[in-house]
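I have placed the structure first, in the form of structure tokens, so that the comments after it can refer back to it.
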Amino acid sequence: MNLTVDEALETAHFDERGLLPAVIQQHDSGEVLMLGYMDAEALQRTLTEGRVTFWSRSRGEYWRKGDTSGHVQWVRGASLDCDGDTLLVRVEQVGPACHTGARSCFDTHPVDGVELGQPETDADGDEEPEEGS
């Protein structure tokens, strides 16, 4: 079911500071670009103006991605998660998304380690049974 802007505002569960985390994703590749925060006004602006608007926690003001850099985020779709406490915004990103100049804010500090989501195997390459099975 697609929500209207008013229904989205009613459904969204803002935290104790009145903020909702917004994950920004490139609409065609699925690449996660950044995370920002929106209050109800920023959410309404984002859904009605077609440009992503955030609430700056550090500056205490609204900001639209690209107003000073030219690296605009054009809204292509948006969805609240199942609990209504996180927003996914699918965008057409113009230029880098990160203030560092990187394409994505998640490009700058990759974490090495185990590959998550892969089943563990024993020495023979057989999958280890899950705990309790």
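Only residues that are assigned to a loop (DSSP other than H, G, I, E, B), of a type in the set (Gly, Ala, Ser) and surrounded by 15 or more Cβ atoms within 10 Å (Cβ to Cβ): list them for segment 48-83, please. Talk me through it step by step, then tell me what you get.
Start the filter on segment 48-83 by keeping residues that are assigned to a loop (DSSP other than H, G, I, E, B), which leaves 50, 52, 57-60, 65-72, 81-83.
After this cut, where a residue has to be of a type in the set (Gly, Ala, Ser) as well, the list is 50, 58, 60, 66, 69-70.
Residue satisfying the conditions is Gly66 alone.
Just so you know, in segment 22-42 the residues that are within 13 Å of the chain's Cα centre (by Cα) and of a type in the set (A, V, I, L, M, F, W, C) include one that is farthest from Asp83 (Cα to Cα), and it is Leu33. Enumerate the pairs (first residue in segment 1-26 and under 14 Å from Phe54 (Cβ atoms); second residue anywhere and among the small types (Gly, Ala, Ser) and outside any strand (DSSP E or B)) with beta-carbon separation below 6 Å, excluding pairs fewer than 6 apart on the same chain, so at least 6 apart or on different chains. The qualifying pairs are Leu20/Ala12. Are any of the residues in segment 62-83 in contact with a helix residue (DSSP H, G or I) (Cβ under 9 Å, 6 or more places away or on another chain) and among the basic types (Lys, Arg)? Yes, segment 62-83 contains at least one residue that is in contact with a helix residue (DSSP H, G or I) (Cβ under 9 Å, 6 or more places away or on another chain) and among the basic types (Lys, Arg). Summed over segment 24-47, residues that are surrounded by 15 or more Cβ atoms within 10 Å (Cβ to Cβ), charged (D, E, K, R) and part of a loop (DSSP other than H, G, I, E, B) total 2. Scanning segment 96-113 for residues that are touching a helix residue (DSSP H, G or I) at 6+ places or on another chain (Cβ under 8 Å) and modelled with pLDDT of 90 or more turns up nothing.
Restricting attention to segment 30-46, the residues that are free of Cβ contacts under 8 Å to residues at least 60 places away in the same chain, touching a Ser or Thr at 6+ places or on another chain (Cβ under 9 Å) and not hydroxyl-bearing (Ser, Thr, Tyr) total 7.
The values are calculated or read from the model by the stated rules, or taken from the named source; none is laboratory data. Just so it is clear, the structure is predicted and the values come from calculations on it, not from any experiment. Heads up, the Cβs are rebuilt from the backbone with ideal geometry, glycines too, and the neighbour counts pull from every protein chain shown.
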